[in-house]
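The values are calculated or read from the model by the stated rules, or taken from the named source; none is laboratory data. What you see is a predicted model; the values in this text were computed from it and never measured. Ideal geometry is used to build each Cβ from the backbone, glycine not excepted, and the neighbour counts take in all protein chains shown.
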Amino acid sequence: MVENSRATQFRFGVALLLFFASALSFFDRQVLSVLAPSILADLGMNNVGYSYVVAAFTLSYSVMFTFGGRMIDYLGTRRGMGLTVAFWSLASLLHAGAASALHLGALRFLLGAGEGGCFPGAAKGVAEEFPPRERALGMGIATTGGSAMGAVLAPPAIVWIAARAGWRGAFLLTGILGAVWVAAWFALVRAPRANSAAAASRETAPGWRSLLRARQLWGVVAARFLFDPVFYFYMFWIPQYLSRERGASLEVIGRLTWIPFLTLGVSSIFAGAVSGRLLRAGWSLDRTRKTVLAAAAFLTPISALSVWAPDAGYAIALMSVLMFAHGFWMTNYMTLLSDLFPSSAVATVVGLTGTAGGLGGFLSNLAIGRVVENAGFKPAFVACGAVYPLALAILLATVRRVERIDLLCDRGPAR
């Protein structure tokens with residue numbers, strides 16, 4: 001009993017540290033979007049130039065999602081996550097010296113390269129430590145919940161810091177916070193314990209050929225290519241929307257933009273608890289995952305009404321509906337990956353899906369800059385409300401039953 005209690009404390013301790021890593025990654029990337037009006041004015045940029053800077057981040061982030069995931073499967077969660085957070089924290093700190101749009105874009109590229117390994121590593125850590133009935137809760141805490149909390153804290157905190165130290169001071173702070181996390185991670189987390197999931201992650205892992213033959217892999221990759229751009233849009237463009245379309249000041253942006261992300265954080269953790277409750281009530285894994293995903297997908301179209309809301313407050317409330325649904329969707333989508341694939345391949349699979357989502361975000365951000373300049377934000381909000389049901393249809397067609405896939409292990413053991 002004492003050993004079980006210690007094991008529970010250990011895995012939730014790991015989940016909490018991964019929660020803070022995910023939160024830090026979103027805090028870091030939100031500095032640019034929250035302070036975009038000030039930074040664009042200081043560096044003489046327009047919305048098209050801003051879209052290129054955002055695209056630089058999403059391009060490197062999407063590519064490094066796959067390579068970062070594979071690196072973490074190779075190095076292990078402890079070393080891989082430590083190196084990942086250290087790299088992106090240094091890149092974030094260097095933003096304080098940005099002197100031009102080109103310089104800023106190059107630094108965003110480096111930030112994306114570092115952050116690409118965050119979510120594959122967090123998902124792998126949860127897959128190693130949590131049994132199936134608790135995995136959705138662990139995933140909700142470590143991935144979606146952490147990222148949402150970072151996005152919640154970012155707007156008011158960044159506005160407060162920028163008012164006292166300028167936008168460059170906000171970037172300096174994020175680098176310092178990252179260094180603190182890295183020190184805590186290596187001090188508190190040791191090599192994986194000899195439980196079954198962690199042991200499996202150190203055994204032979206499926207190679208590329210085996211993974212790419214799986215129909216289910218292509219389904220989850222295609223789905224994420226569709227729905228990830230929605231989150232990129234909310235993360236990078238909502239402050240610009242409030243400023244341009246609603247006439248909101250920087251202070252008002254700081255007061256409002258955290259609300260949808262708080263909704264996301266709460267729903268992400270709640271989604272894990274709901275999934276666990278359904279499984280304990282006797283629902284099958286297949287029925288549980290698909291039911292929660294479907295309920296979330298069919299709630300998202302309501303958000304398209306944001307652009308017709310009478311004021312900024314109502315618009316934010318409607319955006320929060322989508323973020324509430326996204327919390328249920330993303331928590332169960334990420335858990336679905338660990339249901340389908342062995343823990344020795346989870347970081348790689350999460351990386352592949354993240355690359356697909358990042359490429360979708362890269363292409364959509366390039367398009368949004370021009371759409372906003374010529375037609376405003378309405379087309380973007382309407383598209384955001386339509387993609388989740390389409391992604392659900394792809395998942396249902398390719399993942400006919402939620403169960404572990406048999407894959408050939410055609411490469412050597414992971415270290």
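Remarks
- Filtering the stretch 26-74 to residues that are basic (Lys, Arg) and surrounded by fewer than 20 Cβ atoms within 10 Å (Cβ to Cβ) leaves nothing.
- Residue match in the stretch 374-385 (condition: at pLDDT below 85, closer than 29 Å to residue 67 by Cβ and not in a helix (DSSP H, G or I)): no
Condition check ((1) within 21 Å of residue 141 (Cβ to Cβ); (2) of a type outside the set (A, V, I, L, M, F, W, C)) across all residues:
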| position | (1), (2) |
| --- | --- |
| 219 | no, yes |
| 231 | yes, no |
| 244 | no, yes |
| 250 | no, no |
| 266 | yes, no |
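- Any hit, the stretch 37-53, residues being more than 22 Å from residue 135 (Cα to Cα), under 18 Å from the mean Cα position of the chain (by Cα) and aliphatic (A, V, I, L, M): no
- Neighbours by Cβ (under 8 Å, 6+ apart or cross-chain): first from the stretch 279-302, free of Cβ contacts under 8 Å to residues at least 40 places away in the same chain and under 27 Å from residue 381 (Cα atoms); second in a loop (DSSP other than H, G, I, E, B) and not acidic (Asp, Glu): 291/283
- Top-ranked residue of the stretch 315-340 - restricted to ones that are hydroxyl-bearing (Ser, Thr, Tyr) and at pLDDT below 90, ranked as farthest from residue 405 (Cα to Cα): 331
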